[in-house]
Amino acid sequence: MLPEPAPLVATLLGATPPMNAELLTALGFYALAGLALAGALGLIIASDVFHDALFLVLTLGSVAGIFVILGADFLAVVQVLIYVGAIMILILFGIMLTPQLGNLPNTGGPGQIAAGVIAAVAVLGTILAVITTATWPRASAAPIDLPAGTTSLLGTSLFNSFALPFEVASVLLLIAMIGALVIAREP
């Protein structure tokens, strides 16, 4: 039986599970959510493209930490390897190979900025109205009984039940990669 996420996080942090597990899990979640929001805000505010990429790394890394707290180990590893690792390396190479690396010009006029602020306030108001007026169901704190963890369960189902779609997707990605190489090669 896989331990539920709260005692697992509390044990990793050195706390006694019955007393401080929920508090430490909540504090960890709120800290990582705050980091993700700060990274997203920095991504919007920063005018340097390189700093934008670093803020995106902060945001994606924080989401991976939230996945760890939720007990989704496979999603956390995929988030770090694919998004924080591979995709960000591609973005940074693209930034470094672009001839004009620097601050982005402000192309929006006052009307465009005002329209953006009005749209953002409208979306925020709609979200807050839905959050405050909706009746939210209470989740039970019963532990989930998973046989061997999410990674092994996912791997078993991927290679047993979904073997054909997995192979079709891999052949499709191989064809796309070969097509990209053919298009990108110099004549």
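The values are calculated or read from the model by the stated rules, or taken from the named source; none is laboratory data. In this text the structure is predicted, and so the values were computed from the model without any measurement. A quick note on method: Cβ atoms are made from the backbone with ideal geometry, for glycine too, and the neighbour counts reach across all protein chains shown.
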Practice problem: State yes or no: is Leu41 of a type in the set (A, V, I, L, M), at pLDDT 90 or above, buried (at least 17 other Cβ atoms within 10 Å of the Cβ) and farther than 22 Å from Leu153 by Cβ? | Solution: no
Practice problem: Considering only region 72-99, state which residues are loosely packed, with under 14 Cβ neighbours inside 10 Å and not in a helix (DSSP H, G or I). | Solution: Thr98, Pro99
Quiz prompt | Yes/no for Ile69 being surrounded by 14 or more Cβ atoms within 10 Å (Cβ to Cβ) and of a type in the set (A, V, I, L, M, F, W, C) | solution = yes
Quiz prompt | Qualifying residues in region 158-170 (those that are surrounded by 10 or more Cβ atoms within 10 Å (Cβ to Cβ) and hydrophobic (A, V, I, L, M, F, W, C)) - the one farthest from Phe74 (Cα to Cα) | solution = Val168
Exercise. Considering each of Thr132, Thr126 in turn, give the residue that is under 28 Å from Ile69 (Cα atoms), at pLDDT 90 or above and out of contact with any Asp or Glu (no Cβ under 9 Å at 6 or more places or on another chain).
Key: Thr132
Quiz item: In this structure, is Gly28 touching a residue at least 12 places away in the same chain (Cβ under 8 Å) and closer than 28 Å to Met96 by Cβ?
Solution: no
Exercise. Find the residue count for region 142-187, including only residues that are assigned to a helix (DSSP H, G or I) and either at pLDDT 85 or above or over 26 Å from the mean Cα position of the chain (by Cα) (or both).
Key: 22
